[in-house]
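The values are calculated or read from the model by the stated rules, or taken from the named source; none is laboratory data. What you see is a predicted model, and the numbers here were worked out from it, not measured in a lab. Here the Cβ is made from the backbone with ideal geometry for all residues, glycine too, and neighbour counts use every protein chain on show. Calculation scope for accessible area: heavy atoms of the full protein, side chains included, ligands and nucleic acids excluded. Shrake-Rupley method; radii C 1.70, N 1.55, O 1.52, S 1.80 Å.
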Amino acid sequence: MIVSARSVSLTYQSADGEVEALKEVSFDINEGEFISLVGPSGCGKSTLLSIIAGLERPTSGTVYVDGEAVTGPSEKIGFMPQKDQLFPWRTIWGNVTLGPELRKQKDASLAESLLERYGLSDFKKKTPSQLSGGMRQRCALIRTLATDPKILLLDEPFSALDYQTRLSVSADIHGIICNEKKTALLVTHDISEAVSLSDRIVVLSKRPGQVKDIYDLTDLKGLSPMERRSDGRFKEFFNEIWKELDINV
Ligand SMILES: Nc1ncnc2c1ncn2[C@@H]1O[C@H](COP(=O)(O)OP(=O)(O)OP(=O)(O)O)[C@@H](O)[C@H]1O
Ligand SMILES: [Mg+2]
């Protein structure tokens, strides 16, 4: 088990009073797994990622990463936020080496080889605006991978893309993550995206988010995201999860 959330609860204190965001959330992620987290808007998905990333402390409960309780940000975790958030004034090279630079790592060879491996070497001197949406997303992933995290947390990384681009970019990013043998936790609103990419899907209830169900998609393992979408079982999983989410809204 590389990530283990144990009875994680978080209540925000705000000027208007308390907001109970998460309640007694427990689940595990095995090394190399691709897990999606789905749930109604505002149910605490981003909050849960922030807690796992060590950016937010739970009110009660604990998250363990590699067997150690999370008490702050860790080198083991890479966070890829919603929208690519590349710096427009930095070149592609300047963007992908940002993580190593901030950590004062002199060695940028991992960034270099990732750019090479994933076909962005020729774009090193370009700026993000000169790249397509899909390439920017690939660049954002490479930036996250450049510090060599074991675990990737992805918060709706494809939501800014149009439907067609989203299909190919999500398959592309999924391929890179599997190829690099990383563990991933993806937040998405899109059930079909979750079914097409994941080993398991964690369904949260409406706020306060609680684990409602965990779907095991081992039956679909070995199929590419596109192959999954045309498999008969795809619709069955989709419908089951859809029903589960629908009664919450
Ligand atoms: N800093 C904060 N202070 C007070 N309340 C907050 C804070 N951050 C989030 N919340 C509230 O906590 C709840 C969970 O928020 P969160 O952003 O984790 O949900 P989410 O599932 O990611 O939503 P979405 O699907 O819209 O991205 C929401 O009701 C939100 O308004
Ligand atoms: Mg969110």
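Does segment 12-33 hold any residues that are crowded, with 22+ Cβ neighbours inside 10 Å and either β-branched (Val, Ile, Thr) or away from ligand 2 (no atom under 16 Å from the Cβ) (or both), and which are they?
Selection gives Val25, Ile29.
Of the residues contained in segment 94-115, none is found to be open to solvent by 40 Å² or more (accessible area, probe 1.4 Å) and either of a type in the set (Val, Ile, Thr) or within 25 Å of Leu161 (Cα to Cα) (or both).
Evaluation of Thr127 against the conditions (1) open to solvent by 30 Å² or more (accessible area, probe 1.4 Å); (2) modelled with pLDDT under 95 shows that the sole unmet condition is (2). Consider Ala5 carefully, then state whether it is away from ligand 2 (no atom under 13 Å from the Cβ), in contact (Cβ under 8 Å) with a residue 40 or more places away in the chain and closer than 18 Å to Ser205 by Cβ. Considered against the rule, which asks whether it is away from ligand 2 (no atom under 13 Å from the Cβ), in contact (Cβ under 8 Å) with a residue 40 or more places away in the chain and closer than 18 Å to Ser205 by Cβ, Ala5 comes out as yes.
Here Val38 does not fit the description of being modelled with pLDDT of 95 or more, more than 23 Å from Gly175 (Cβ to Cβ) and of a type in the set (A, V, I, L, M). Looking across Ile92, Ile52, one residue alone is hydrophobic (A, V, I, L, M, F, W, C) and under 14 Å from Val8 (Cβ atoms). It is Ile52.
Restricting Trp89, Trp93 to residues that are part of a helix (DSSP H, G or I) and among the hydrophobic types (A, V, I, L, M, F, W, C) narrows the list to Trp93. Of the numbered criteria (1) within 12 Å of ligand 1 (Cβ to nearest atom); (2) more than 24 Å from Ser170 (Cα to Cα); (3) surrounded by 15 or more Cβ atoms within 10 Å (Cβ to Cβ), the one Ser46 fails is (2). From the list Thr165, Thr144, the lone residue that is open to solvent by 10 Å² or more (accessible area, probe 1.4 Å), more than 15 Å from the chain's Cα centre (by Cα) and polar (S, T, N, Q) is Thr165. Close Cβ contacts (under 8 Å, 6 or more residues apart or on different chains) running from residues in segment 160-187 that are within 16 Å of ligand 1 (Cβ to nearest atom) to residues that are β-branched (Val, Ile, Thr) comprise Leu185/Val3; Leu185/Ile29; Leu185/Ile35; Leu185/Ile52; Leu185/Ile151; Leu186/Ile35; Val187/Val38.
Among the residues of segment 197-234, those identified as open to solvent by 20 Å² or more (accessible area, probe 1.4 Å) and among the β-branched types (Val, Ile, Thr) are Val211, Ile214, Thr218. Is it the case that Ala194 is buried (at least 18 other Cβ atoms within 10 Å of the Cβ) and either of a type in the set (Gly, Ala, Ser) or within 18 Å of the chain's Cα centre (by Cα) (or both)? Criteria met by Ala194.
Scan segment 51-74 and tell me whether some residue there is assigned to a helix (DSSP H, G or I), within 16 Å of ligand 2 (Cβ to nearest atom), buried (at least 19 other Cβ atoms within 10 Å of the Cβ) and within 17 Å of the chain's Cα centre (by Cα). For segment 51-74, residues assigned to a helix (DSSP H, G or I), within 16 Å of ligand 2 (Cβ to nearest atom), buried (at least 19 other Cβ atoms within 10 Å of the Cβ) and within 17 Å of the chain's Cα centre (by Cα): present. Of the residues examined, Pro149 is one that is more than 14 Å from ligand 1 (Cβ to nearest atom), open to solvent by less than 10 Å² (accessible area, probe 1.4 Å), within 24 Å of Ile51 (Cα to Cα) and touching a strand residue (DSSP E or B) at 6+ places or on another chain (Cβ under 8 Å). Considering Arg136, Arg90, the condition of being in contact (Cβ under 8 Å) with a residue 40 or more places away in the chain and charged (D, E, K, R) is satisfied by Arg136 alone.
More than 14 Å from ligand 1 (Cβ to nearest atom) and under 30 Å from Gly222 (Cβ atoms): is that true of Ile35 in this structure? For Ile35, the condition - more than 14 Å from ligand 1 (Cβ to nearest atom) and under 30 Å from Gly222 (Cβ atoms) - is met.
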